[in-house]
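To start, the structure under review is shown below, and the notes come after it.
The values are calculated or read from the model by the stated rules, or taken from the named source; none is laboratory data. What you see is a predicted model, and the numbers here were worked out from it, not measured in a lab. Backbone-built Cβ (ideal geometry, glycine too); neighbour counts: all protein chains shown.
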Ligand SMILES: [Fe+2]
């Protein structure tokens, strides 16, 4: 079977990478940017790092700061209306996953028209390239700055759905380590565990390839060696830099090998309860992995070794379990080993979420097929 690999056209990475952006935009003759961000990032003045760079290079901009943590269809419509009213020829997202996801939707609809839901009933459904998109990333986890995915929340239906489209790729992705130093501990932990989930789900995906394996395994190694340090000391530049490479590598892996039941189930927790995406993944990853290890023990045994577990003398299934325990230890060390019931999740909604999880496109590449009852059982284990 043939394979297609997607990446942004250009990626600017490392300390002060954002200071390279203005010249790149000037070279492409952009006139006015719609900056897509949220009120928190405006409030703490982090977005000034971007607006200063645009001012220096005489690029006009208008700010849309209405993005919610789980961006909604309405957020995309509101941003699109502002883009049209202001006649912008470029979209720049600034933040973690939420602004990137919202900006991708805006840029896709700006050239393709219709409603964002129109692009969710299959993959690569848009006819035209989106309006040029630049992503400036301030967290190390979602990889939304560089993938072919966007995740949208349908508020009335209480669901989140992914859109997979090659026209969602940015022309430039910026991962500036200095913009990540301000991340609070809980966000560093949740986004780091999101990245670990991307890498693990891509590594055991039914469509993994040698390229995605290389990216996923390096990501797991970097996260195992650096996430705890980045959580404990946000100023640890070495750990922060390792984590921005790790999340990007994990993005390379899952943007091309897709994901599995952890994300399919986490999307429902986001849609129904507005739970933090990375935290939902961290909670679900060990027990979904136990379910999947039945089919992919050798791959989970690799995860154990990459995370530093000595598996000498163990069978594949023993080593797989040791790898899952290593994931649990890391999750506990960074404070994401929480219970769904404590976060407000109710047993009576589990069936609704399990049915929707099995209809989520991320389920397609999970290495072992589950019934609705089996998904409910996994939810119950982490209640
Ligand atoms: Fe994710």
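Things to note:
- Any chance residue 268 is touching a helix residue (DSSP H, G or I) at 6+ places or on another chain (Cβ under 6 Å), under 30 Å from residue 9 (Cα atoms) and in contact (Cβ under 8 Å) with a residue 40 or more places away in the chain: no
- One residue from 168, 196 being over 26 Å from residue 350 (Cβ atoms) and modelled with pLDDT of 95 or more: 168
- Lone qualifier among 110, 103 - being touching a residue at least 40 places away in the same chain (Cβ under 8 Å), assigned to a helix (DSSP H, G or I) and on the phi < 0 side of the Ramachandran plot: 103
- Here 78, 101 are screened, and the one residue that is surrounded by fewer than 24 Cβ atoms within 10 Å (Cβ to Cβ), in the same structural domain as residue 46 (by TED's automatic domain parsing) and either at pLDDT 95 or above or closer than 30 Å to residue 241 by Cβ (or both) is 78.
- Taken over region 3-26, the residue count meeting the criterion of being in a loop (DSSP other than H, G, I, E, B) and farther than 16 Å from residue 175 by Cα is 4.
- Selection count, region 229-239, where residues are under 18 Å from residue 328 (Cα atoms) and surrounded by fewer than 18 Cβ atoms within 10 Å (Cβ to Cβ): 2
- A single member of 213, 165, 176 is more than 15 Å from residue 280 (Cβ to Cβ), in the same structural domain as residue 79 (by TED's automatic domain parsing) and either without any contact (Cβ under 8 Å) to a residue 60 or more places away in the chain or surrounded by fewer than 21 Cβ atoms within 10 Å (Cβ to Cβ) (or both), and it is 165.
- Restricted to region 116-137, and to residues there that are assigned to a loop (DSSP other than H, G, I, E, B) and modelled with pLDDT of 95 or more, the residue that is surrounded by the most Cβ atoms within 10 Å (Cβ to Cβ) is 130.
- Within region 51-102, the set of residues being under 18 Å from the mean Cα position of the chain (by Cα), away from the ligand (no atom under 16 Å from the Cβ) and over 21 Å from residue 115 (Cβ atoms) comprises 92, 94.
- Within region 322-338, the set of residues being out of contact with any helix residue (DSSP H, G or I) (no Cβ under 7 Å at 6 or more places or on another chain) and crowded, with 18+ Cβ neighbours inside 10 Å is empty.
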